[in-house]
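The values are calculated or read from the model by the stated rules, or taken from the named source; none is laboratory data. These numbers were taken from a predicted model, which means no experiment stands behind them. Cβ coordinates were reconstructed from backbone atoms using ideal geometry, including for glycine residues, and neighbour counts include every protein chain displayed.
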């Protein structure tokens, strides 16, 4: 049995070819030919997968059209592009929380600007009133630049 026949048997289970034909819209003669040859068209694989709520990507891997690593890179890119800002922040937070304190070099690799030191805000405490007032004044001052953050 070929990998495609294995995939077909696992997907359709004990359903008859006539029933697969009805569900997928593939002519019965074509299904007989596919199962005899162990070779399915990509279109047929997609139709069968849809008819049985099976994974289309897994079907295309079984057919040899794509590899698992190709699918992984596509799904990650697509998932990241589709993620909301909140979902991205939640994932970053989850990953950082999983690393024991002091064992992460995530922020150690951030380059400092213009030879200065990178200052990371302390999000663990509430800002005091003086800091809020100073920050408000900097925002309101059109002559103020961001240079003080880089030194």
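Find the residue count for the range 20-33, including only residues that are surrounded by 13 or more Cβ atoms within 10 Å (Cβ to Cβ) and within 19 Å of residue 53 (Cβ to Cβ).
The qualifying residues number 7.
Can you name the number of the only condition in (1) surrounded by 11 or more Cβ atoms within 10 Å (Cβ to Cβ); (2) part of a loop (DSSP other than H, G, I, E, B); (3) at pLDDT below 65 that residue 74 fails?
For residue 74, the failing item is (2).
Of the residues that make up the range 117-130, is at least one modelled with pLDDT of 60 or more, more than 21 Å from the chain's Cα centre (by Cα) and closer than 30 Å to residue 7 by Cβ?
no
Based on what the data block shows, is residue 33 more than 15 Å from residue 63 (Cα to Cα), within 32 Å of the chain's Cα centre (by Cα) and in a helix (DSSP H, G or I)? Even if it seems obvious, please write down each step before you answer.
Numbers: more than 15 Å from residue 63 (Cα to Cα): yes; within 32 Å of the chain's Cα centre (by Cα): no; in a helix (DSSP H, G or I): yes.
Judged against the criteria, residue 33 is not a match.
I'd like the full set of residues that are out of contact with any helix residue (DSSP H, G or I) (no Cβ under 7 Å at 6 or more places or on another chain), farther than 22 Å from residue 71 by Cα and part of a helix (DSSP H, G or I), limited to the range 10-29. Give the derivation first.
Filtering the range 10-29 down to residues out of contact with any helix residue (DSSP H, G or I) (no Cβ under 7 Å at 6 or more places or on another chain) leaves 10, 13-16, 19, 22, 29.
With farther than 22 Å from residue 71 by Cα added as a condition, the list becomes 13-16, 19, 22, 29.
Result: 19, 22, 29.
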